[in-house]
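The values are calculated or read from the model by the stated rules, or taken from the named source; none is laboratory data. A quick note: this is a predicted structure, and the numbers were derived from the prediction, not measured. Note that we place each Cβ from the backbone using ideal geometry, even for glycine, and neighbour counts take in every protein chain shown. Quick note on the areas: whole protein, heavy atoms, side chains included, nothing else; ligands and nucleic acids left out. Shrake-Rupley method; radii C 1.70, N 1.55, O 1.52, S 1.80 Å.
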Amino acid sequence: MLPTDYFRKYLYRKDVVNYKNYLSLKEFYQIVGSQKMVFPEITAILANKLSFYNHCVNLNIPTPTLLSYNFNTRWFYNNIGYTLNTKESVLQFFAHVFKDSQNDFLFLKPTLGQGGQGCFLLKKENLDSQIENIYPALIANSYVHQDYIEQHDSINSIFRNSVNTIRIDTYIDANNEAHVLSALMRFGMGNTFTDNTHTGGFYISLNLESGKLQGVGRQDVVEGGKEVTHHPDSQVALDGFQIPFHKEAFELALQAVNAMPNRIVGWDVAITNQGPLLIEGNEVPSLHVTDVACGGYLNNKLIKEALLELKN
């Protein structure tokens with residue numbers, strides 16, 4: 001194989017006991033590229049954040065409230081459509097949404113975006129200057145405009161600038177039974193308002209039984225590959241930290257995969273003081289990240305089962 005994964009999975013580091021425990025790039029594509037695992041009609045729902053939201057609402061799956069959205073210059077709020085093609089009209093639109101919803105923040109995500117790229121945290125207090133900066137991007141693309149999530153107090157104690165989510169991989173076996181494969185927690189750092197590794201965050205394994213963080217946190221290799229035992233901003237120790245509502249988060253992921261049954265999905269779940277919220281489902285989950293976090297995905301009997309099925 002090409003040496004890509006040798007570096008991005010840190011296989012050169014001394015704590016890697018057996019590199020054969022890790023998925024090869026070929027095995028990764030066997031799973032996420034298989035028509036036995038991933039279905040276009042389900043992927044279409046997962047990939048489109050507006051469709052995903054509507055599907056969750058229809059099935060009573062808890063997810064952040066969508067307040068408004070836009071397709072380029074065509075904007076929608078309270079089931080009314082508007083054509084907005086000036087900065088002033090967009091400013092007035094959001095001022096109305098803020099006033100109506102009594103929110104101080106709105107989270108804007110590209111309807112077809114991935115990896116936290118292109119997201120904006122819109123703040124009521126400096127709305128004018130933000131619209132000045134992001135207006136070209138807004139009218140050139142499609143966005144969903146969501147409630148900002150107030151995450152659980154204990155998770156805020158680690159890092160409060162971003163909503164820090166649990167990535168839960170699920171798998172539907174050959175008998176049509178859904179399983180939680182693995183879980184990890186992602187955290188932002190510094191001034192970032194997203195927890196994605198592509199925007200500077202890091203990830204750490206979450207024990208499925210205890211719901212506690214375990215091991216060390218890791219940045220993506222392209223972000224420096226740094227390992228952390230304490231959050232760099234708060235200095236809170238990570239290993240052994242108890243994540244609240246972890247069982248409910250896993251149950252929510254299973255509820256979601258039974259509603260949107262691609263056989264392999266990576267779910268992002270936020271934890272609030274009231275319980276978990278489903279943020280999104282990733283039709284092509286970053287298995288290489290979980291591969292690293294859990295010390296090799298080929299230690300998981302369900303992954304072995306999936307690969308065996310695909311080879312036969």
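Give region 293-312 a look and list any residue that's in contact with a strand residue (DSSP E or B) (Cβ under 9 Å, 6 or more places away or on another chain), more than 19 Å from Gln214 (Cβ to Cβ) and open to solvent by 20 Å² or more (accessible area, probe 1.4 Å), or say none. Within region 293-312, Leu302, Glu305 meet the criteria.
Against the list (1) modelled with pLDDT under 95; (2) under 19 Å from Asn164 (Cα atoms); (3) of a type in the set (D, E, K, R), the condition Asp291 fails is (2). For Asn103, the criteria (1) farther than 18 Å from Val257 by Cα; (2) open to solvent by 20 Å² or more (accessible area, probe 1.4 Å); (3) in contact with an Asp or Glu (Cβ under 9 Å, 6 or more places away or on another chain); (4) not in a loop (DSSP other than H, G, I, E, B) hold in every case but one, which is (4). Would you check which residues across region 214-229 are outside any strand (DSSP E or B) and open to solvent by 40 Å² or more (accessible area, probe 1.4 Å) and list them? Selection gives Val221, Val222, Glu223, Gly224, Lys226, Thr229. The residues on offer are Leu252, Leu277, Leu208, and the sole one that is touching a Pro at 6+ places or on another chain (Cβ under 7 Å), of a type outside the set (D, E, K, R) and open to solvent by 20 Å² or more (accessible area, probe 1.4 Å) is Leu277.
Taking the condition among the β-branched types (Val, Ile, Thr) and surrounded by fewer than 22 Cβ atoms within 10 Å (Cβ to Cβ), does Thr290 pass?
Here the answer is no, as Thr290 does not meet what is asked.
Of the residues Leu46, Leu23, Leu11, the single one that is touching a strand residue (DSSP E or B) at 6+ places or on another chain (Cβ under 7 Å) and modelled with pLDDT of 90 or more is Leu46.
Inspection of region 112-119 identifies no residue that is modelled with pLDDT of 95 or more, in contact with a Phe, Trp or Tyr (Cβ under 8 Å, 6 or more places away or on another chain) and not β-branched (Val, Ile, Thr). Of the residues making up region 180-196, those that are surrounded by fewer than 22 Cβ atoms within 10 Å (Cβ to Cβ) and outside any loop (DSSP other than H, G, I, E, B) number 1. So how many residues does region 120-179 have that are part of a loop (DSSP other than H, G, I, E, B), surrounded by fewer than 19 Cβ atoms within 10 Å (Cβ to Cβ) and among the small types (Gly, Ala, Ser)? Number of matching residues: 2.
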